[in-house]
Amino acid sequence: MSLLWLIPALPLAGYLALAFGGSRLSRAAAAWIGVGSVGLSALVALGVAAQFIGTPPAGPAFHQTLWTWMSVEDFKPAIGFYLDAMTVVFVLVVTGVGFLIHLYSVEYMAGDEGFRRFFAYMNLFVASMLVLVMADNLLLLYLGWEGVGLCSYLLIGFWYKDRVNGRAAQKAFIVTRVGDTAMALGLFLLVWQFRTLDVQQLMTQAREQWRVGAGMATAAAALLLGGALGKSAQLPLQTWLPDAMAGPTPVSALIHAATMVTAGVYLIARTHVLFELAPAAQLAVAIIGAATLLISGFSALAQRDIKRVLAYSTISQIGYMFLALGVGAWSAAVFHFMTHAFFKALLFLGAGAVILSLHHEQDIHKMGGLWKRLPLTFWTFLAGSAALAGLPLITAGFYSKDLILWSAWSSNAGGPALWAAGLIGAFLTALYTTRLVCLVFFGEEKGRVASKPGWRVSAPLAILAALSIVGGFVETPRALGGIRWFGEFLRSALPAAPGVEEAPERMESAMMLIASAAALLGIVLAGVLYLGMPRVVEGIAKRAWGAAAQAFWLGGWGFDWLYDRLFVKPFVWAATVNRDDFIDSAYNGVAAFFSLLHRGIIRTQTGRVRWYAAGVALGAVALMAIVLWVR
Amino acid sequence: MILTLLILILLIGGAAAWAAERKSPLWSRGIALGAVTLDLLLVVGQWAALRHAPEFLKPGAWLVETRAEWIPQFGVSFHLGMDGLSLLLLALTFFLGALSVACSWSEIQKRVGFFHFNLLWVLAGIAGVFTALDLFLFYFFWEMMLIPMYLLIVIWGHERRVYSAIKFFLFTQASGLLMLIAILTLQFLHFKQTGARSFDYSDLLNVAMTPRAAMLLMLVPEASLRFAPVAMALGVVGILYGAILAFAQTDLKRLVAYTSVSHLGFVVLGIYSWNAWAMQGAVMQMICHGLSTGALFVLVGLLYERIHTRDLRRMGGLWSAAPRIGAMAMFFAMASLGLPGLGNFIAEFLVLLGAYHVSVWMTALAGIGLVGATIYSLSLMQRAFHGPAEEAWSFADLSAREWAVLGAMAAALVWLGLYPQPVLHAAAPIVESLEKIGSALPGFFMR
């Protein structure tokens, strides 16, 4: 398959053209390059996917090696691409959703002075993300991994004149780099054990050489998990994502919702063999996912900024994906990744449209009644919200989340506790999503709508809304047709979750009903509270415990506060105190001592002969004394 | 012969550049640039000619060798040789040398001829150090480059230049003296064992193989090996301590200087991990650090030329004034924090990979240095280029000449990041022979 390299190369070429063209390019030309390169890449990806399905490769994947990256002793990682069924899904989502968001950005960023820079960074991001998901070895994956981290940093801090944005950008880069360092150690461990980082070889050799539960396997999986936690904003490294909303909204949609933050999910699914060999690490994935989805679900409930609601929601939804990975439901995680990419990109883009038409207002308490003013935005946002809340039967989010809950219940690695966490999370999701819709689109009008979106904004919204509805019909429970297309397609890359298929159908239907009830209950409760009885909500917020809970959740459970005191302040203090390097002062001390001595001795050079004579006499006496004493 | 020529070109070129100042400063600059570029071309030509030769991959072989009597009574000879490692370091030296002539083009206006004389003589000294096979000659070149270096600092330096120059001189003199003692001791031991006087590297290497000498000296590989765990720890401390100090600085140039401490910690860690990966990484780090930190210093210089300050507290928001300078700084800051795709990543990855085989904990600690590098690099960008402008700076963006200088360095880093094989290939034999020495002396590795 000789076309694989074109998929990342096209956006990379777009980046180079924009970076070197700079201000010589007109805005129109920059837009054409920026959007066109990703569009072309999406077309190539579609062609490759069609061929993958039409004339499947002999093995599980297409493979293309460009050149040997380096060769030291027997370690020879390549610049090479690997495209199996899972990669097909990721590549299509990255290029497809990426294209829509680029198109949207042409209008959203139209008046910005950094228009070309924006598209340059966005293209570089898409290229890096594609390298990440197509890499045939973990070192090249790491290149893409750090590349998307760089672009995330550059785009969060895109409006660099504001210090707050710079702070958020640095935080994102530094926190994720903590995880990346763990991941790098994992890579060293794997090279040490197997002399290779080629994913397929690694998986084969690990399966042959390590037994289930081996300490080495657990260490390797845990270190890779460290990288995944940073990138995917899971506990305890989740703190950077809410702040990352400082970037332009299309960036939040593409990088901090649809694609980059799911890189951790990709990494774990890609190396699932390691996690199967390390049940302890896999259980950790599930527990972290469950805890994260609950914590950030509560946080989402208390936010006032429309983008921060969505940010916490993203953390929470990735928590679901981790939960799925943790119970061995690999393809369920990828399924939720796909539907989430559709509806969360849609929600961010819709939020962007709202923010833009309200003169950059982001406080949901200053919005309201927008459904009449922005009908298309409203209807599409509603579709996205329904999918996020998991409105039964008609939304993609329902099918993917239901599959995760069902797997958490029935998989051999799952259990009632994990399932219950997911269920409570589903209720919370419905609650905060409906709250968001009610506050923004219903109630009295508070802001004035200044402008209406044009076609470049509307078309992506409409397409993503359609996908948020129909995107789930590729995998349904047995009671609802039992379609298995998605799971079957991925089967060559990802095994089925153990125990899920064997579980009785009646149990599956019952679980589906319970999950539906939780979502509906959340929707109805939030609707009643925020539309019918806003007084009750205000009353709760005024009580001492209500206010305390709200403040606690608003601040993300105090993690920032804790890290600030635990790491940031001590580090800054230690650095500032020792700015002049105490080691240097030791050398300067030596110098100071000698110059003091020097000044002391200078004093004796008075030029008066009697002083000199006295000195000579004194010296003679001292000398004689010593001679006598010693003898 | 070619090695002598390399050094002579610089010595004569330097003198000519000084003399030519009377005609015009432009002549001095032209002659200096010409001489260094000629050397660069000669070295690259050697590389191209020799890279397929059989001895290129043979451990312990000299690709080119020159030898002449110098002071036979003491066994001192003018003995130069070049292997893959010297080839790489010579290429780096002349590459950076040519670029430093280019980037001084408008910055240096005072005593232009003498400046280039000193610059070229420093380069000649460095070239001598990288090729000398006689330890007396080695020491000679080592000391020879200090004097023009001292003059460069004291005449063309900025604030506190006399203080800095004296400090520089004392530190290098003191450490050079220790090395001289080591060399003389080896020579003495050799005389006692064989009755012949020699300063030759290979002769003294044999002496150092004996346990007694090895305990005394840290100069040569065998002895170094015993010192390995301590040195690795020093490397790790350097990585972390340098990173913290870099973050703390308010002077842009001092910040960059402390990043060097951190980067060179990786070199130390790599060398003393004593396996092919780590040592290849150390070689790679020397080259990539030279390029990335060199480029950051160039940026500091050209900013100083424009705004006459290096104080980070007065900077901020410079990106709006000069986006191209900002973009270049971003590129090299990313190289400095070890972004994959650029050479520094290959270097640090290989060093840590090799170190992991020796000590997991040291590697984990050194890995924290990657976070430290992220912190200081981003903090540099934030304080100098992002944020609101502290003062209403307005100045010219990169000129074509400056763009060419930085562009060449950036291109080299991309090349080394995506296809480092030529460098790894050239360094392979020396690494292999060092590894052999290591395996002959087991039991000194940590684990």
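The values are calculated or read from the model by the stated rules, or taken from the named source; none is laboratory data. This one's a predicted model, so the numbers in the text were calculated from it and none came from an experiment. In this analysis, Cβ positions are derived from the backbone assuming ideal geometry, glycine residues included, and neighbour counts consider all displayed protein chains. What goes into the accessible areas is simple: the full protein's heavy atoms, side chains included, and nothing from ligands, DNA or RNA. Shrake-Rupley method; radii C 1.70, N 1.55, O 1.52, S 1.80 Å.
Some values worked out for this structure:
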quantity	calculated
Spatially proximal lysines relative to B:Lys167 (Cα-Cα < 25 Å; intrachain offsets below 8 disregarded)	B:Lys110, B:Lys253
Point-to-point label distance, A:Leu520-A:Arg608, nm (Cα→Cβ direction, 7 Å offset)	11.1 nm
Kirkwood hydrodynamic radius of the stretch A:279-350, Cα pairs, Å	12.4 Å
Cross-link partners of A:Lys76 among aspartates and glutamates (Cα-Cα below 12 Å; sequence separation of 8 or more within a chain)	A:Asp198
Taking only Cα atoms of the stretch A:225-289, radius of gyration then Dmax in Å	13.0, 41
Residue with peak Gaussian network fluctuation, chain B [Cα springs, cutoff 10 Å], from B:Ala282, B:Ala327, B:Ala53	B:Ala53
Relative pair counts by distance (%), Cα atoms of the stretch A:310-429, 5 Å bins	2, 12, 21, 21, 16, 11, 8, 6, 3, 1, 0
Zone residues, the stretch A:391-417, relative to A:Met507, backbone N less than 12 Å from point 7 Å out along Cα-to-Cβ	A:406-416
Per-residue SASA entry for A:Met533, accessible area with 1.4 Å probe, Å² rounded to 10	80 Å²
Kirkwood Rh, Cα atoms: Rg over Rh of chain A	1.14
Approximate spin-label separation B:Asp397-A:Trp485, in nm, with each point projected 7 Å along Cα-to-Cβ	4.9 nm
Cα→Cβ-extended label distance, 7 Å offset, between A:Leu531 and A:Leu393, nm	1.9 nm
Quarter of the Cα convex hull surface for the stretch A:199-309, i.e. its orientation-mean projected area (nm²)	7.2 nm²
Taking the stretch A:374-501 and dividing mean pair separation by its residue count, relative contact order in percent (alpha carbons under 8 Å, at least six apart)	36 percent
Taking only Cα atoms of the stretch B:1-219, radius of gyration then Dmax in Å	19.1, 59
For a label point 7 Å along the Cα-to-beta-carbon line of A:Val164, residues of the stretch A:548-590 with backbone N under 18 Å	A:554-556, A:560-561
Choice from B:Glu21, B:Glu432, B:Glu69 showing the highest fluctuation, given a GNM over chain B with Cα pairs closer than 10 Å	B:Glu69
Stretch gain in nm, segment B:Ile155-B:Leu177, where the contour uses 0.36 nm per residue and the Cα spacing is subtracted	5.4 nm
Total formal charge among the other residues, if their Cβ is under 12 angstrom from that of A:Asp402, Lys/Arg +1 and Asp/Glu -1	0
Reach of A:Lys569 by Cα under 15 Å, taken over aspartates and glutamates that are not fewer than 8 positions away in the same chain	A:Asp560
The stretch A:405-460 - Rg over Rh from alpha carbon coordinates, Kirkwood radius	1.29
Nearest 10 degrees, 0 to 90: helix B:146-156 Cα axis against chain B principal axis	10 degrees
Extension gain (nm, one decimal) between A:Thr55 and A:Ser492, 0.36 nm per residue minus Cα-Cα	155.9 nm
Chain B, relative contact order [Cα under 8 Å, separation at least 6], %	17 percent
Extended-chain gain in nm, criterion 0.36 nm per residue less alpha-carbon gap, A:Asn412 and A:Asn578	54.3 nm
Scattering curve values for the protein assembly as shown, log₁₀ I(q)/I(0), Debye with Cα scatterers, q = 0.05, 0.07, 0.10 Å⁻¹	-0.38, -0.69, -1.25
Part-to-part distance (alpha-carbon centres) for the stretch B:5-43 and the stretch B:251-305, which is given in Å	27 Å
For residues of B:239-248, the mean tally of beta carbons on other chains within 10 Å	4
Over 34 Å [Cα-Cα, chain B], rounded percent	34 percent
Estimated FRET transfer efficiency (B:Ala15, B:Glu107; beta-carbon r; R0 25 Å; 0.05)	0.65
Mean-position separation - Cα centroids, the stretch A:429-456 and the stretch B:318-389, in angstrom	42 Å
Interface burial for A against B (accessible surface, 1.4 Å probe, total of both chains, Å², rounded to 100)	4800 Å²
Å³ per residue enclosed by the Cα convex hull of the stretch B:379-438	154 Å³
Mean separation of Cα contacts under 8 Å, 6 or more apart, over the residue count of chain A: relative contact order %	12 percent
Calculated FRET value between A:Ser585 and B:Leu8, using beta carbons and R₀ = 41 Å, to 0.05	0.40
Residues along the stretch A:38-79 losing 30 Å² or more of accessible surface when the other protein chains are present rather than the chain by itself (probe 1.4 Å)	A:Trp67, A:Trp69, A:Met70, A:Ser71, A:Val72, A:Glu73, A:Phe75
Equivalent ellipsoid semi-axes - Cα gyration tensor, the stretch B:220-442, angstrom	35, 18, 12
Listed residues B:Gln73, B:Ala127, B:Val44: farthest to the positive end of the dipole of the stretch B:1-219 (Cβ charges)	B:Ala127
Surface share of carbon and sulfur [accessible, 1.4 angstrom probe, percent] for chain A	69 percent
Cut-off under 5 Å, modelled amide H: who pairs with B:Asp251 long-range	B:Leu312
Candidates B:Lys23, B:Lys253, B:Lys436, ranked by Gaussian network fluctuation over chain B, Cα under 10 Å, top entry	B:Lys23
The stretch A:6-33 versus the stretch B:61-125: alpha-carbon centroid distance in Å	42 Å
Links that overshoot a 19 Å alpha carbon limit, given the list A:Lys372/A:Lys446; A:Lys344/A:Lys446; A:Lys372/A:Lys452; A:Lys344/A:Lys401; A:Lys307/A:Lys344	A:Lys344/A:Lys446
The stretch A:1-79: C-alpha gyration tensor shape, a/c 1.5 cut-off, then a/b vs b/c	oblate
